[in-house]
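The values are calculated or read from the model by the stated rules, or taken from the named source; none is laboratory data. Keep in mind that this is a model prediction, so the values were computed, not measured. FYI the Cβ positions are ideal-geometry reconstructions off the backbone, even for glycines, and counts take in every protein chain you see. Accessible surface areas use protein heavy atoms only, side chains included; no ligands, DNA or RNA. Shrake-Rupley method; radii C 1.70, N 1.55, O 1.52, S 1.80 Å.
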Amino acid sequence: MKCDYACGTAEHGTSRRQFLGGLATGVGALTLGGSDSWIPVAAAEQLKQSQKRILTFFLHGGVSQLESWDPKPNTIWGGPFRSIATSVPDIRISELLPFTAQQMHHLALVRGINTKNSGHGPGQIQMTTGRNPMGAEQPHLGAVAAKALTPPSFSLPGHILIKGGGNSGGPAAYLGPRFAAVTLEDGKAPQHSQLPETVSGEAETRRQEFRRSANDRFAGRRRTADTDAYTLSFDQARDLMARRDVFDASKEPAREQERYGQSEFGQHCLLARRLLEEGVPFVQVNHSNYDTHYENFDYHLEQLGEFDRPFATLVNDLHERGLLADTLIVVMSEMGRTPRINPRYGRDHWGTAWSVCLGGAKVARGAVVGKTSSDGMSVVDREVDHGHLFHTYLQAVGVDTKQEFVIGGRKFPIADPAKGPIAELLA
Amino acid sequence: MNEEPQKANDDKKPPAPAAPESGETAEVKADPGKTHVVATWKYERPLTACRFDPLGRFVFVGAEDYTVQRFDMKDGKLTPLLGHESWCRAIGFSPDGKTTFTGGYDGRLLWWQTDADSPTPLRAIAAHNGWIRALAVSPDGQLIATCGNDQLVKVWNAADGSAIHTLTGHESHVYNVAFHPDGQSLVSCDHRAIFRHWNLSDGKELRTFSAPALYKYDDKFRAHIGGARSLAFSGDGKLLAAGGTTNVTNALGGILECAAASIDWESGKLKLLHVTKEKNRGTIWGLAWHPDGYWIGMSGGRNALLVFWKPDQAEEFAKFAMPEIGRDFALHPDGLQAAVAMAESQVRICRLTAKTA
């Protein structure tokens, strides 16, 4: 049924196709303010075939760049760990990541990040929104990705957070709650996604028929974008309940579970793979915690020891299953850690010179952009910040970050207009 | 006291005074309440470990530049021991003092001539996959025990470096190891504060026990914290003490309190948890049994605090604080001196006696 909105607005803003700059020329002219359902069938098929996805790992607390992507062994603040060779000649990473080192040819490093911030909250906002935390709330990368990449009639949430410690959240801000994160607490299916035992299947069917009847009657006279959103959310919830197994990593074969290991993070990586294979456009996996003011080296040994193998397994699986070309992977934190080792064997907060690892999609494999000084205290080549990274992430999956969202008649730049992508990272 | 050490082979500087205060005799008895600093010897990098050799001639320290440094107790003369490729936090000696053993975070165990003018490794073996966290030498000097992040305890022939036992069973990093004074067995303790008692004759595990007060899983940060950061037997072998932390409220932020668990060796049960009267945010990095019958612990976290505990009292009967942050502690074989390795790139030599005029 065609929607004649009572309020006369086109709440949906820019269509998904419009953001996908790489596909725009292939599917003809774009329509501002159109509904996703207007995408021609041929274009929808094309989109499905090249479904883009983003997978982020958020290492909460601030992983140490010196114990991960930018090791400096036997320097004044290098700490006790050594560096190891990787599958890319001339790239060495910390010995704490031996499995990841074997996947380096699928990955790239940004070693010259200066976010000019050393706080958890501001850093998290910077790294997930590409903006500094001032003024109105900005949408999380996951919300932007969900808005831009979710296929038409997709029945699962487009923005999923697999939370193993760390913060919840993933605000959609002006994009609307449809694109906010659906959180899988401890990797479990969304809350209330199972029919209560006291409600029989027959009763549920009758309830839904009554709801539809009432909705249709109301929509015939007072249909609005809001009522459509309500209807959609009910339909999505029912679809989600019907596909609840998608969120259950234990449904994977025992051999797969063994490959990922029985740690919480390992199972969360397996769940992430399952969700990506179902086409979920944005999945974030939290890993906690790296805020190691005390005994930094022992805790990085523990945490990265847990991170390394499942992460590397997932990177390789995405490659072998043909998904890596369309899936951006990012390993980020809210900041790095001080090169200076404090008296308690800790490293403190440091946003002045640190690193991010990324790969897949259009990211140039095996690239290293940026360089820090020999003592790790400053960026000495190709300094970038969260704004540049945000552009890069989205452009790596084909989103034209120079576009704007149009919400309620207002224009919102997708990414910080003052910044641009790290061009040399985009193949 | 001269505050600066003399560098090896630097004959241009006058020798610094010896650490012991002049006029004191060997009959002087330790008086913990009178503890004071008699020397501060600096190095150019933060320190990670310290030990006196059995003859009391030297104090060896590990440093963050992968070196071990030897300070001569007579004059503070400094001699480097170059050989490790990472930090060293494990130092031991043959009972006659002739040979020094060092274990590094590079997984290597090195042999040195203790008093060599220009020490070079006499032997090097790849002992562990990952860090060697601690080593111990058997009372008869024939065996060396090492432990590390590969969750293994290994026993070596001190004379030739050959492997005697590889002891398996720990399920987390092994933090410390100690020989029982009777020389018949060995105890090790891991990250989860699980102790394993090993028979040296056949390498079999005799029993396990734990000290839950020294371990916590921090739900918020999903991190394990605990284990014996220091380990020592009483002189008669009836007590085993493990130093570490307790009452952890924020593992990664170091919001915790120092403590030492005193364990009845025969039963393997906790006898007493030694703590401080005023809560001290630190870790007992070093622990020793004093021949006069009490424990000395060194808590490092907010300062370097020497704590003196009688075996039957939970709280200390004496303490001595230094403003720097301690990372290791050693008791001199004379029982009258102690060394504390500091994060602030220096080792402080303390005397456990009254000051002399």
query: Between a first residue in segment A:72-90 that is more than 8 Å from chain B (Cβ to nearest Cβ) and a second residue that is of a type in the set (Ser, Thr, Tyr) and open to solvent by 40 Å² or more (accessible area, probe 1.4 Å), which pairs have beta carbons less than 8 Å apart while being 6 or more apart in sequence or on different chains?
result: A:72/A:374; A:75/A:374
field: Residue count, segment B:109-127 (criterion: open to solvent by 20 Å² or more (accessible area, probe 1.4 Å) and within 29 Å of residue A:298 (Cβ to Cβ))
entry: 5
message: Being under 17 Å from residue B:147 (Cβ atoms), charged (D, E, K, R), in contact (Cβ under 8 Å) with a residue 24 or more places away in the chain and not in a loop (DSSP other than H, G, I, E, B) narrows it down to one residue among B:207, B:192, B:196; which is it?
response: B:196
message: Here are the criteria: (1) free of Cβ contacts under 8 Å to residues at least 60 places away in the same chain; (2) farther than 22 Å from residue B:87 by Cα. Tell me which single one residue B:304 does not satisfy.
response: (2)
query: Can you name the number of the only condition in (1) closer than 16 Å to residue A:236 by Cβ; (2) open to solvent by less than 20 Å² (accessible area, probe 1.4 Å); (3) assigned to a loop (DSSP other than H, G, I, E, B) that residue A:165 fails?
result: (1)
- prompt: Counting only residues that are within 24 Å of residue A:362 (Cα to Cα), polar (S, T, N, Q) and open to solvent by 40 Å² or more (accessible area, probe 1.4 Å), how many does segment A:71-126 have?
  reply: 2
message: For segment A:233-249, which positions are part of a helix (DSSP H, G or I), open to solvent by 70 Å² or more (accessible area, probe 1.4 Å) and farther than 15 Å from residue A:183 by Cα?
response: A:234, A:238, A:242, A:245
query: Does residue A:287 satisfy being within 13 Å of chain B (Cβ to nearest Cβ), over 25 Å from residue A:143 (Cα atoms) and either open to solvent by less than 10 Å² (accessible area, probe 1.4 Å) or in a helix (DSSP H, G or I) (or both)?
result: no
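For residue A:372, are the conditions met, namely being more than 14 Å from chain B (Cβ to nearest Cβ) and touching a strand residue (DSSP E or B) at 6+ places or on another chain (Cβ under 7 Å)?
On the way: more than 14 Å from chain B (Cβ to nearest Cβ): yes; touching a strand residue (DSSP E or B) at 6+ places or on another chain (Cβ under 7 Å): yes.
Answer is yes for this residue.
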field: Residue within segment A:119-141 that is modelled with pLDDT of 95 or more and either assigned to a strand (DSSP E or B) or within 14 Å of chain B (Cβ to nearest Cβ) (or both) present
entry: yes
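In segment B:52-64, is there at least one residue being among the acidic types (Asp, Glu), closer than 19 Å to residue B:144 by Cβ and under 18 Å from the mean Cα position of the chain (by Cα)?
The first filter runs over segment B:52-64 and keeps only residues among the acidic types (Asp, Glu), leaving B:53, B:64.
Those left that are additionally closer than 19 Å to residue B:144 by Cβ: B:53.
From what is left, the residues that are under 18 Å from the mean Cα position of the chain (by Cα) are B:53.
Yes, the conditions are met somewhere in segment B:52-64.
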query: Quick check: anything in segment A:389-399 part of a loop (DSSP other than H, G, I, E, B), closer than 15 Å to residue A:130 by Cα and either within 14 Å of chain B (Cβ to nearest Cβ) or touching a residue at least 40 places away in the same chain (Cβ under 8 Å) (or both)?
result: no
message: Consider segment B:270-285. How many of its residues are buried (at least 21 other Cβ atoms within 10 Å of the Cβ) and touching a residue at least 60 places away in the same chain (Cβ under 8 Å)?
response: 0
